[in-house]
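Peer 1: Here it is, the structure, as structure tokens.
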Amino acid sequence: MRVRVKIDVRQPLKKDTRVKDKNGEWCTVKFKYEKLGVFCFVCGIMGHAENKCEVRFSMDHDDGRRDWSAEIRADPRR
């Protein structure tokens, strides 16, 4: 399913959310973003890459783990 939404690009992108299905059961919906552009896998904010991330530079130690991955990018439409 595809939807178009407005987002505040100054905030981290959402990876998922929980919703109730028609039977009242909770399920997790994962998000993927089309035309993502420059994206930071450290802080989840658009507009800069890891090498320019203030969050990364403020860390005492960067262990290499990232909360976001390339899975957040949607496959290009055909």
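We did not get these values from a lab; they are worked out from the coordinates using the rules stated. Given the structure is predicted, the values throughout are model-derived calculations rather than measurements. No Cβ is skipped: glycine too gets one built from the backbone with ideal geometry, and neighbour counts run over all protein chains shown.
Peer 1: Using Cβ contacts closer than 10 Å as the measure, can you line up LYS32, LYS6 from fewest to most?
Peer 2: Going from sparsest to densest Cβ surroundings: LYS6, LYS32.
Peer 1: Next up: Of CYS27, PRO12, GLY64, which is farthest along the charge dipole of the chain in the positive direction, counting Lys and Arg as +1 and Asp and Glu as -1 at C-beta?
Peer 2: Checked the options; the winner is CYS27.
Peer 1: Moving to a separate point now. Taking H as built 1.01 Å from N, whose amide H comes closer than 5 Å to the amide H of TYR33, not counting residues under 5 places away?
Peer 2: Amide H neighbours of TYR33: ARG73, ALA74.
Peer 1: In the chain, which longest range has no GluC sites (Glu not before Pro) that are both DSSP loop (not H, G, I, E or B) and surrounded by at most 13 other Cβ atoms within 10 Å?
Peer 2: Longest stretch, sites excluded: 35-78.
Peer 1: Leaving out same-chain residues fewer than 8 places away, which aspartates and glutamates sit with a Cα under 17 Å from that of LYS30?
Peer 2: In chain and number order, the partners are ASP16, ASP21, ASP67, GLU71, ASP75.
Peer 1: If you don't mind, there's one more thing I want to ask. In straight Cα distance, which lysines are under 20 Å from LYS32, not counting same-chain residues fewer than 8 positions off?
Peer 2: Excluding near neighbours in sequence, the set is LYS6, LYS14, LYS15, LYS20.
Peer 1: Within 10 Å of each residue's Cβ, count the other Cβ atoms and sort MET59, MET46 from fewest upward.
Peer 2: Neighbour counts put them in this order, fewest first: MET59, MET46.
Peer 1: Could you work out the relative contact order of the chain? I mean the mean sequence separation of Cα pairs under 8 Å and 6+ apart, divided by the number of residues, in percent.
Peer 2: Contact order relative to length: 27 percent.
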